[in-house]
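Read the structure below first, then the notes.
The values are calculated or read from the model by the stated rules, or taken from the named source; none is laboratory data. Predicted, not measured: the structure shown is a model, and the values here were computed from it. Cβ placement follows ideal geometry from the backbone for every residue including glycine, while neighbour counts extend to all protein chains displayed. Quick note on the areas: whole protein, heavy atoms, side chains included, nothing else; ligands and nucleic acids left out. Shrake-Rupley method; radii C 1.70, N 1.55, O 1.52, S 1.80 Å.
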Amino acid sequence: MSRATQLADIQSRIKNACSKAGRPSSAVKLLAVSKTFPLSDILEFYNFGQTAFGENYLQEALDKITQLADHPNAQTINANIEWHFIGPIQSNKTKAIAENFSWVHSVDRFKIAQRLSDQRPDKLAPLNVLVQINTSGEDSKSGISPEQAFDLCMQIQGLNNIALRGLMTIPSNTDNIEQLKAEFLKCKSIFDSLNSKGLSMDTLSMGMSADLELAIECGSTCVRVGSALFGARDYSK
């Protein structure tokens, strides 16, 4: 299947899910998760109109960003492309993230948010940040508990070089639709509650290749799609 066909298929899934949920298709953004795939694959999707790409591994992402700088159309591409960091964040990685990404989906500590703000170059727009919520309650999952969301979001909102845009969650790894739905709805409930308290957030990052329709039904505004676009990942490379 060609890249154009793969992209069109996902866009159709999003459009149909939005229609079923009574939402405009423009309400949901597609984030193409490009981890483990080369810059050449990213540029194929870029040429078909996809501009937002998510990376989990910092050094791999930086390598791609460096390679892109040598592209003949680098200036135009860099003006349009959006790099989203969606992986766990260590303190020693915040500077490079703050300098090279437009969005961060995985903030779960004020210390990390503060470092991202302090290290964001003045020449760049504020860094768009999502707070990761652990809706499954699994110890193995990153993210804060639902009970901690308000306090952390209020702290982050006061940072100068951060734009608090919303929440992200990764649900349980299960085929139990009702469980997944409950976890997505929990994150949507937190999102709505925080907005009712004056936080004015607009982004709810939920849903991946296998469950994007359910996530959209539950209110997602950003779906993170990797394998359904790029194919199976080879982590041995």
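Observations on the model:
- Rounded percent of accessible protein surface that carbon and sulfur make up, region 15-137, 1.4 Å probe: 47
- Note on region 1-37 and region 40-54: Cα centroid distance 13 Å, given to the nearest whole angstrom.
- The label point for Ala74 and the one for Ser200, both projected 7 Å from the Cα toward the Cβ, are 3.7 nm apart.
- Residue-level accessible surface for Trp103, protein heavy atoms, 1.4 Å, Å²: 20
- Mean separation of Cα contacts under 8 Å, 6 or more apart, over the residue count of the chain: relative contact order %: 21
- Candidate residues His71, His84: accessible-area rank, largest first, probe 1.4 Å: His71, His84
- Take each peptide in 14-20, 110-116, count the other Cβ atoms within 10 Å of every residue, and average; sorted highest first, the result is 110-116, 14-20.
- Accessible area (Å², 1.4 Å probe, nearest 10) - Cys222: 0
- On the basis of the beta-carbon distance and an R0 of 35 Å, Asp122 and Asp151 show a calculated FRET efficiency of 0.80.
- Accessible area in square angstrom per residue, the chain, 1.4 angstrom probe: 47
- Candidate residues Lys197, Lys35, Lys29, Lys64: accessible-area rank, largest first, probe 1.4 Å: Lys197, Lys29, Lys35, Lys64
- Counting all C-alpha pairs of region 162-227, share separated by more than 17 Å (%): 37
- Its alpha carbons considered, the chain gives a radius of gyration followed by a Dmax of 17.2, 49 Å.
- In this view, the solvent-accessible surface of Ser25, computed with a 1.4 Å probe and all protein chains in place, comes to about 60 Å².
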